Amino acid sequence: MASPQITIVGGGLLGAAIAYGAVREGARVRVLDQDDGAFRASRGNFGLVWVHGKGTTMPDYVQWTKQGLRLWPELQQELFDLTGVDSGLQQPGGFWLGFSEAEVEKRAETLEKINESGGDVPFKIMDRAELKHYLPGLGTSVVGGSFCPLDGQANPLMLLRALHAALRLKGAEIVNDVSVEEIKYDAGNGTFRAVARDGQSWTSDRIVLAAGLGNADLAPQVDVHAPINPTRGQVLITERLQPFLDFPTNKCRQTKEGSVQLGSTAEYVGFDDGTSTDKIEWLAQRAVETFPALARAKLVRAWGALRPLTPDGYPIYQESPTFPGAYVVSSHSGVTLAASHCYVLGPWVSGFTQTPPEFDSFRGERLLDPNASFSNGY
Ligand SMILES: Cc1cc2nc3c(=O)[nH]c(=O)nc-3n(C[C@H](O)[C@H](O)[C@H](O)COP(=O)(O)OP(=O)(O)OC[C@H]3O[C@@H](n4cnc5c(N)ncnc54)[C@H](O)[C@@H]3O)c2cc1C
């Protein structure tokens with residue numbers, strides 16, 4: 001079989017992971033990406049590699065996420081061996097922390113529900129005394145929480161850098177500063193043409209739309225329903241501190257380098273990726289209530305970034321029903337699922353593997369029901 005030529009629109013965590021997964025299997029890969037002013041969730045996220053609490057209404061998503069966590073160490077090692085870049089993976093388990101008994105009870109119910117529908121995600125509900133054993137600096141506002149031994153964290157910027165370095169080393173073509181506006185299909189020879197705003201175009205056997213928020217405009221051109229909207233997350237980062245937090249939590253995490261990341265908000269403010277003092281104050285206050293020693297830490301940076309989010313929060317992985325060879329991919333867990341995107345989606349979009357049966361759940365049509373009301377988990 002001749003090696004397929006694939007164009008991937010979008011060089012964020014999804015596009016880069018899928019591109020690397022394709023090129024390592026022998027596909028000829030080209031990535032088209034915008035300029036540095038583009039919206040890029042991949043450069044502004046919280047870095048959790050996380051399953052517990054996810055997938056309350058979609059059992060297939062729980063299994064898909066667990067598979068992603070299992071495959072991560074292989075990706076971390078492979079990228080390190082190839083590029084020398086450490087993606088910073090740590091999987092010591094992770095804590096969700098609650099400020100009220102009611103919140104913790106609700107959390108326990110959610111986790112039980114996930115497991116009743118076949119999730120099989122190990123977790124333990126802990127009271128404050130037990131939590132303190134693992135998180136000695138815990139503040140008195142935290143009354144309880146949940147722990148899952150599968151969870152962890154990574155360095156999203158280093159992961160993105162490692163993926164791009166690996167792509168270059170494997171001979172993929174990366175074209176920056178182009179904004180794809182049109183996808184054209186040539187029925188005569190079954191090829192796709194990606195046409196950019198400046199008139200440049202690229203032809204290939206297959207095309208993957210991994211353009212984050214840009215997929216909202218591009219996906220309909222290949223007849224895939226992908227209503228993707230921005231949800232802003234603001235995040236704060238402290239100066240580097242002595243190690244005090246051995247586990248990532250839902251409210252803050254300490255990086256390998258020592259800085260503490262505090263996050264994140266979920267706001268519906270359209271395409272505004274700025275920051276606001278009220279949210280910065282809220283995040284800082286919440287972090288200090290969680291770990292009072294943070295009151296002495298200096299904040300060095302705050303940023304906002306836009307999550308590309310479907311109405312129900314679950315991903316879309318779908319081949320076009322009208323134009324076989326065109327794929328739409330979107331997920332708001334691009335760090336957690338990086339290894340699945342690489343090792344499962346890469347070969348799939350290359351045509352080397354069949355569509356995994358669970359991908360029926362991830363088709364965009366599920367979001368077409370005009371009477372349905374969706375909750376995206378934020
Ligand atoms: C605050 C915050 C916290 C988060 N926390 C976590 C977390 O803890 N764990 C986790 O797993 N995930 C987290 N995420 C989500 C994660 O960041 C995203 O799932 C992931 O970055 C999505 O990657 P992407 O490649 O689809 O999108 P993006 O990173 O947005 O990349 C899309 C790319 O496509 C390009 N593009 C767009 N349109 C076009 C076009 N027309 N032509 C060419 N190129 C185009 C853009 O330039 C961009 O490079 C978080 C996100 C945010 C914002």
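Here are a few things to note about the model shown:
- Looking only at the stretch 206-227, and only at residues there that are free of Cβ contacts under 8 Å to residues at least 40 places away in the same chain and under 19 Å from GLY11 (Cβ atoms), the one that is most open to solvent (accessible area, probe 1.4 Å): ASP217
- Residue in the stretch 156-175 that is modelled with pLDDT of 95 or more, within 30 Å of MET58 (Cα to Cα) and touching a Pro at 6+ places or on another chain (Cβ under 9 Å) present: no
- Residue check, VAL9 more than 10 Å from the ligand (Cβ to nearest atom), within 25 Å of PRO311 (Cβ to Cβ) and either basic (Lys, Arg) or out of contact with any Pro (no Cβ under 8 Å at 6 or more places or on another chain) (or both): no
- Unique match (being away from the ligand (no atom under 12 Å from the Cβ) and within 24 Å of the chain's Cα centre (by Cα)) among ARG240, ARG206, ARG232: ARG206
- Qualifying positions in the stretch 307-319 - touching a residue at least 60 places away in the same chain (Cβ under 8 Å) and open to solvent by 10 Å² or more (accessible area, probe 1.4 Å): ARG307, PRO308, PRO311, ASP312, TYR314
- Pairs with Cβ under 6 Å, 6+ apart, first in the stretch 191-205 and open to solvent by 20 Å² or more (accessible area, probe 1.4 Å), second part of a loop (DSSP other than H, G, I, E, B) and of a type in the set (Gly, Ala, Ser): ARG197/SER179
- For ASP273, the test of being acidic (Asp, Glu), surrounded by 15 or more Cβ atoms within 10 Å (Cβ to Cβ) and touching a residue at least 12 places away in the same chain (Cβ under 8 Å) is passed.
- Count of the stretch 256-266 residues which are in contact with a Ser or Thr (Cβ under 7 Å, 6 or more places away or on another chain), in a strand (DSSP E or B) and either farther than 17 Å from LEU283 by Cα or within 15 Å of the ligand (Cβ to nearest atom) (or both): 2
- Scanning the stretch 267-289 for residues that are of a type in the set (Val, Ile, Thr) and part of a loop (DSSP other than H, G, I, E, B) returns VAL269, THR275.
- Scanning the stretch 321-341 for residues that are more than 7 Å from the ligand (Cβ to nearest atom) and either of a type in the set (Phe, Trp, Tyr) or open to solvent by 10 Å² or more (accessible area, probe 1.4 Å) (or both) turns up PRO321, THR322, PHE323, PRO324, TYR327.
- Candidates ALA129, ALA187 - the one that is within 30 Å of ARG107 (Cα to Cα), more than 11 Å from the ligand (Cβ to nearest atom), surrounded by fewer than 17 Cβ atoms within 10 Å (Cβ to Cβ) and not β-branched (Val, Ile, Thr): ALA129
- Filtered residue count, the stretch 287-306, keeping only those that are charged (D, E, K, R) and crowded, with 16+ Cβ neighbours inside 10 Å: 1
- Test: residue in the stretch 26-37 that is surrounded by 22 or more Cβ atoms within 10 Å (Cβ to Cβ), among the hydrophobic types (A, V, I, L, M, F, W, C) and within 10 Å of the ligand (Cβ to nearest atom): yes
- Any chance SER87 is open to solvent by less than 30 Å² (accessible area, probe 1.4 Å), in contact with a helix residue (DSSP H, G or I) (Cβ under 7 Å, 6 or more places away or on another chain) and within 9 Å of the ligand (Cβ to nearest atom): no
- Matching entry among TYR327, TYR343, TYR314 (being modelled with pLDDT of 95 or more, touching a helix residue (DSSP H, G or I) at 6+ places or on another chain (Cβ under 9 Å) and part of a loop (DSSP other than H, G, I, E, B)): TYR314
The values are calculated or read from the model by the stated rules, or taken from the named source; none is laboratory data. A quick note: this is a predicted structure, and the numbers were derived from the prediction, not measured. A quick note on method: Cβ atoms are made from the backbone with ideal geometry, for glycine too, and the neighbour counts reach across all protein chains shown. These area figures cover heavy atoms from the full protein model, side chains too; ligands, DNA and RNA do not enter into them. Shrake-Rupley method; radii C 1.70, N 1.55, O 1.52, S 1.80 Å.
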